[in-house]
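No value in this document is a laboratory result; all are computed from the given coordinates. Keep in mind it's a predicted model, so treat the numbers as computed, not measured. A quick note on method: Cβ atoms are made from the backbone with ideal geometry, for glycine too, and the neighbour counts reach across all protein chains shown.
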Amino acid sequence: MKIAIIGADGQLGSDLVRRLTGDALLPLYYPAFDVTRPDEARSTLAAWGPECVINTAAFHRVDECEIHPDKTFAVNATAVRDLAAICREIGCPLVHFSTDYVFDGAKGSPYVEEDAPNPLSVYAVSKLAGEILLRNGWERHFLVRTCGLYGESGCLEKGMNFADRVLDLARHRAPLRVVDDQRVTPTSTRELAAGVDALIRTSAYGLYHLTNEGDCTWYEFARAVLDLSGLEADLRPVSTRRFAARARRPAYSVLENKRAKALGLAPFSPWTEALRAYLAGKGILKAGTDRPIR
Ligand SMILES: NC(=O)c1ccc[n+]([C@@H]2O[C@H](COP(=O)([O-])OP(=O)(O)OC[C@H]3O[C@@H](n4cnc5c(N)ncnc54)[C@H](OP(=O)(O)O)[C@@H]3O)[C@@H](O)[C@H]2O)c1
């Protein structure tokens, strides 16, 4: 299949490029390819003639989004509307990613695709706007909500991914204060890329939740990173209130992969297994930690 990947050097984009080696790929890099410049995007994509476009581009520094709503909406919403129109003109499906943050966390049990969103931040509102513009703009879409991404290539938008940041701070003997009242599912971009690979071979368009299995707080995730890598650190839990971040975040944003399971996609592994695989890939899994940690 001819697949264009927007944001090909991002953490998810890089794993998609690594995963889709059997396909003809057009990797697209910012700023040479900018989703907020639709005329150029249209001519680049139309000239190549993709059979599928995968958009990983986002402005997702959640606290900065609060003070830059115009840029946030340009990348996360208006550009998605334009990409949907371009893909409709070309006649190819569009894969786009959204976030667990579209939910407010009040449910307290895993969110399924049918649950009503109620975003709490500028970032989350912009991502929900992108979802709506995509769903109304082009029916042949795969809209994938995911959560807590980490991958080999790090997160270009946010700097180091969370796991690598924990490792880095521990190695520098810096104190680690991590929120213990936001429950999420850390998700490996490697596994997410495999899920996307399977999804795009179908014509089962629509909204999907795709994350690893299980859940933890960010503090518990940091604890697991340290335990599995055998690093000592001054790690302590703190409350979201104490952190005083600019943007509100849901206290609970665990997603259930309900539609993916119904479609028969290969199940995602528990987040602990995915983290173990990630650390093993970096060559820093502590000997004797190949047992379940929860
Ligand atoms: N990271 C998470 O924890 C998380 C959680 C839930 C959902 N998501 C969603 O998952 C998707 C992928 O996230 P990620 O972590 O892989 O992000 P990432 O590592 O920041 O990658 C995003 C890619 O898009 C590029 N990009 C940024 N602005 C662009 C623009 N205007 N035009 C074209 N490309 C642009 C970036 O280039 P530069 O780096 O050069 O700017 C980068 O290559 C996003 O839609 C995000 O909202 C992420």
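With R₀ fixed at 22 Å, the C-beta to C-beta distance from Tyr29 to Arg88 puts the FRET efficiency at about 0.35. Computed extension gain for Trp48 through Met1, at 0.36 nm per residue and net of the alpha carbon distance, reaches 15.7 nm.
Pairs to check: Lys71/Lys258; Lys2/Lys282; Lys127/Lys258; Lys2/Lys127. Give those whose C-alpha atoms are more than 29 Å from each other in this structure. As for pairs spanning more than 29 Å Cα to Cα, those are Lys71/Lys258; Lys2/Lys282.
Here's how it looks for Thr187: its modeled amide H is under 5 Å from those of Leu149, Tyr150, which are all 5 or more places away or on a different chain. Among Leu16, Leu228, a tally of other beta-carbon atoms within 10 Å of each Cβ gives an order, fewest to most, of Leu228, Leu16.
Compared with the alpha-carbon gap, the fully stretched path from Lys107 to Ile284 is longer by 60.0 nm at 0.36 nm per residue.
Seen against the Cα atoms of the chain and their longest principal axis, helix 122-137 is set at about 30 degrees.
Between Ala204 and Ser269, the simple label model (points 7 Å from Cα in the Cβ direction) yields a spacing of 2.3 nm. Rg then Dmax, both in Å and based on the Cα atoms of region 59-192: 16.4, 54.
Using the alpha-carbon atoms, what tilt in degrees (0 to 90, nearest 10) does helix 38-48 show relative to the longest principal axis of the chain? Orientation of helix 38-48: about 80 degrees from the principal axis.
Where does the chain land at 222 nm, in deg cm²/dmol rounded to the nearest 500, when only DSSP H runs of n ≥ 4 count, each adding -39500 (n - 2.57), divided by all residues?
On the way: 12 runs with 113 residues, N = 294.
Helix-only estimate at 222 nm: -11000 deg cm²/dmol.
Restricting the trypsin sites (Lys or Arg not before Pro) of region 144-237 to loop positions (DSSP other than H, G, I, E, B) with no more than 13 neighbouring Cβ atoms within 10 Å leaves Arg173, Arg201. Taking the convex hull of the alpha carbon positions in the chain and averaging its projected area over all directions gives 14.7 nm². Compared with the dominant Cα axis of the chain, that is its longest principal axis, helix 162-171 is turned about 40°. Extension gain, Lys71-Lys261: 0.36 nm per intervening residue step, less the Cα-Cα distance, totals 64.9 nm. Sorted ascending by nearby beta carbons within 10 Å, beginning with the fewest, Ile200, Ile67, Ile5 become Ile67, Ile200, Ile5.
Please work out the FRET efficiency for the pair Ala116 and Ala174, using the Cβ-Cβ distance as r and a Förster radius of 45 Å; give the result to the nearest 0.05. Present the calculation step by step, with values, prior to reporting the outcome.
Details: r = 41 Å, r/R0 = 0.90.
Efficiency, from the Cβ-Cβ distance: 0.65.
Close amide H pairs (under 5 Å, H built 1.01 Å from N) link Asn118 with Phe103, Asp104, residues at least 5 positions away or on another chain.
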